[in-house]
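This report refers to the structure that appears directly beneath it.
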Amino acid sequence: MKKYNVAILGIRGAVGQCMYRIVKERKFPVNKLVLISPSGAGGEMDGIKYVPLTKDVFKGIDIVLSSPGAEISKEWVPVAAKAGAVVIDNTSQFRMDKDVPLVVPEVNPEDIKKHKGIIANPNCSTIQMLVALKPLHDYGKIKRIVVSTYQAVSGAGAEAVEELRSQLAGKKEAKKFQHLIAHNLIPQIDVFVDNHYTKEEMKMVNETRKMFHDPKIQVSATCVRVPVFNSHSESINIETAKKITRAKAIALLSKAPGVKVVDDTKTSKYPLPIDADGKDETFVGRIREDFSIPNGLNLWVVADNLRKGAALNAVQIAELLIKK
């Protein structure tokens with residue numbers, strides 16, 4: 001089996017560290033692994049020392065798994081691609097670039113062929129939503145999506161996790177978020193834009209249209225930060241061109257790659273963020289027909305946002321890349 005020289009850009013962040021663990025877990029065929037710290041700060045993982053970010057660091061690298069923040073990606077991802085690497089970037093920087101494919105392997109694997117050295121990893125909340133919706137879209141063509149997200153603090157980084165932990169211990173101070181997050185909900189993720197939606201909400205709109213290759217699909221999102229350490233949850237309502245019954249939806253989802261159906265109302269079994277933590281699957285439950293419209297369906301979708309929502313999806317793209 002051919003082996004590849006792999007770099008992880010942004011190794012000190014939560015996603016970068018998760019990328020490292022998943023590369024090892026999945027036995028990705030690595031010849032040499034380079035761990036890059038953009039800040040230049042020292043450290044190591046299993047004896048592999050972090051190296052600073054320089055132009056020369058990408059020499060001889062085949063694949064870069066990148067999650068250093070959008071501003072660093074803007075400057076350095078093109079440098080890595082010019083050096084000959086294929087960069088799978090987890091930041092928002094290149095997602096809507098028409099020359100950069102935005103890929104979830106279970107959703108639009110064929111788009112990987114279009115890459116010109118950079119492949120974008122979608123937003124965490126969009127990834128889990130589309131993994132769950134793709135088999136339904138293929139069967140019944142989704143016309144409209146209304147989604148409310150309940151997003152864990154780990155999606156905002158390690159500082160956010162520590163802020164929740166300190167607030168639960170009694171410290172009444174908000175730095176990372178606009179308000180206290182402990183024992184609270186914050187209906188704002190990222191900044192507001194001119195239409196009064198947030199950037200996070202508009203990411204779900206635009207990324208869905210790009211990956212489903214359907215500029216007319218209607219998406220309305222409300223993104224909420226909740227006092228959960230890890231794993232995002234979503235309440236999703238869809239309207240389809242073709243009727244999808246609850247039974248048909250369960251049958252389609254049960255066979256879908258990357259999906260696990262957890263749906264037994266008699267025993268109160270449905271996806272929970274505490275159960276999704278550390279898992280690779282996207283969990284779907286509370287599947288029920290929306291009786292207010294002819295062709296409507298409701299779903300509850302939960303996934304580990306650091307894994308499938310970021311690091312795992314990036315590694316799966318790399319696996320798809322070397323397979324093809």
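The table below lists the values:
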{"quantity": "Scope the range 129-159; condition part of a helix (DSSP H, G or I) and not hydrophobic (A, V, I, L, M, F, W, C); matching residues", "calculated": "Lys134, Pro135, His137, Asp138, Tyr139, Gly140, Ser154, Gly155, Glu159"}
{"quantity": "Filtered residue count, the range 131-177, keeping only those that are polar (S, T, N, Q) and over 18 Å from Glu200 (Cα atoms)", "calculated": "2"}
{"quantity": "Some residue of the range 156-179 being among the hydrophobic types (A, V, I, L, M, F, W, C) and touching a His at 6+ places or on another chain (Cβ under 6 Å)", "calculated": "no"}
{"quantity": "Test: residue in the range 77-99 that is in the same structural domain as Ile63 (by TED's automatic domain parsing), surrounded by fewer than 17 Cβ atoms within 10 Å (Cβ to Cβ), under 19 Å from the mean Cα position of the chain (by Cα) and touching a residue at least 12 places away in the same chain (Cβ under 8 Å)", "calculated": "yes"}
{"quantity": "Any chance Val161 is more than 19 Å from Asn121 (Cα to Cα) and surrounded by 16 or more Cβ atoms within 10 Å (Cβ to Cβ)", "calculated": "yes"}
{"quantity": "Near pairs, Cβ below 9 angstrom, 6+ apart or cross-chain, from the range 293-322 (under 18 Å from Ala276 (Cα atoms) and free of Cβ contacts under 8 Å to residues at least 24 places away in the same chain) to any residue that is of a type in the set (A, V, I, L, M, F, W, C) and not in a loop (DSSP other than H, G, I, E, B)", "calculated": "none"}
{"quantity": "So Thr149, is it surrounded by 15 or more Cβ atoms within 10 Å (Cβ to Cβ), more than 29 Å from Ile244 (Cα to Cα), in contact with a strand residue (DSSP E or B) (Cβ under 7 Å, 6 or more places away or on another chain) and hydroxyl-bearing (Ser, Thr, Tyr)", "calculated": "no"}
{"quantity": "The one condition in (1) touching a strand residue (DSSP E or B) at 6+ places or on another chain (Cβ under 6 Å); (2) more than 29 Å from Glu239 (Cα to Cα); (3) crowded, with 23+ Cβ neighbours inside 10 Å; (4) not assigned by TED's automatic domain parsing to the domain that holds Val315 that His179 fails to fulfil", "calculated": "(3)"}
{"quantity": "Those residues of the range 188-214 which are exposed (fewer than 14 other Cβ atoms within 10 Å of the Cβ) and farther than 14 Å from His137 by Cα, in sequence order", "calculated": "Val191, Phe192, Val193, Asp194, Asn195, His196"}
{"quantity": "Wholly enclosed strands (runs of 3 or more DSSP E) of the range 22-121 bearing at least 3 residues modelled with pLDDT of 95 or more and touching a Lys or Arg at 6+ places or on another chain (Cβ under 9 Å)", "calculated": "30-37"}
{"quantity": "Residue in the range 158-179 that is touching a Lys or Arg at 6+ places or on another chain (Cβ under 8 Å) and on the phi > 0 side of the Ramachandran plot present", "calculated": "no"}
{"quantity": "Residues of the range 233-292 classified as surrounded by 13 or more Cβ atoms within 10 Å (Cβ to Cβ), of a type in the set (A, V, I, L, M) and either at positive phi or not in a helix (DSSP H, G or I) (or both), total", "calculated": "10"}
{"quantity": "Test: residue in the range 265-277 that is in contact with a helix residue (DSSP H, G or I) (Cβ under 7 Å, 6 or more places away or on another chain) and in the same structural domain as Ile142 (by TED's automatic domain parsing)", "calculated": "no"}
{"quantity": "Every residue from the range 246-304 that is among the basic types (Lys, Arg) and closer than 24 Å to Asn108 by Cα", "calculated": "Lys248, Lys255, Lys260, Lys279"}
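The values are calculated or read from the model by the stated rules, or taken from the named source; none is laboratory data. This structure is a prediction, so every number in the text was calculated from the model and none was measured. Neighbour counts run over all protein chains shown; Cβ positions are idealised from the backbone, glycine included.
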